[in-house]
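**Student:** Mind looking over this structure? Questions follow.
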Amino acid sequence: MLKITVVSLALLTSTQVMADVYKYVDAGGHVFYTDEPRNKLYKRIIKTPIHPPSVASASPFMAAVLKRHTFSGVNKAKYNELIEDAAQRHQVDAKLLHAVIQTESAYNSTAISSAGAAGLMQLMPATAQRFGVINRNDPDQNVEGGTRYLKYLLTLFGPRLDLAIAAYNAGENAVIKHNNTIPPYRETQDYVRQVLALYKQ
């Protein structure tokens, strides 16, 4: 179950600006990053380069609420070959892997959530063990395990890409429990919108 989520960053007009980034951890261990804190529970953690997102392909909800936060493209470029190789090995669209990784960790290989998810694809210990990952902090192992898990979900839920993405966030049992629909969890519903918007760009 993946717990880090990047949400609700305002649309920027310059090609690159320095912006305060705030972090909030909810009671369920979900980690949220934003440049527009909603209350004092959000703690400022860093000033970081942010590039303006493209939300042309996003739903109206995504365009209004979940405008994409991207850090410097350096890390994305750094891991691009690794992601492409994993995608080819497991026959998963590389664009989908990028969308998941950007949403999960913004390409931060050392990202760790309070719930214990770690790495580029934010693997929980049980998921890592299930898919043969010994060191979740190793980018190669993390992407390999995360890609194998995503491939499993894509196979499990057939043509329903949205259900596979929901299951990556909430677990396949949550999707099955809700009669093969996206679970009625706001975080999961937002997560699916975010990943799909990035994937369709």
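Values quoted throughout were computed directly from the atomic coordinates according to the rules given, and no laboratory measurement underlies them. Not measured: the values here are computed from a predicted model. All Cβ positions, glycine included, derive from the backbone under ideal geometry; neighbour counts span all protein chains shown.
**Student:** If amide H atoms are built 1.01 Å from N in the plane of the peptide, which residues on other chains or at least 5 residues away come under 5 Å of the amide H of residue 123?
**Tutor:** Result for residue 123 returns 118.
**Student:** How many nm separate the modelled label positions at residue 181 and residue 84, each set 7 Å beyond the Cα in the direction of the Cβ?
**Tutor:** Modelled inter-label distance: 4.1 nm.
**Student:** Which of 172, 144 comes first, and how do the rest follow, when ranked by fewest Cβ neighbours within 10 Å? Let's see the in-between values first.
**Tutor:** Numbers: 172 17, 144 20.
Placing the least packed residue first, the sequence is 172, 144.
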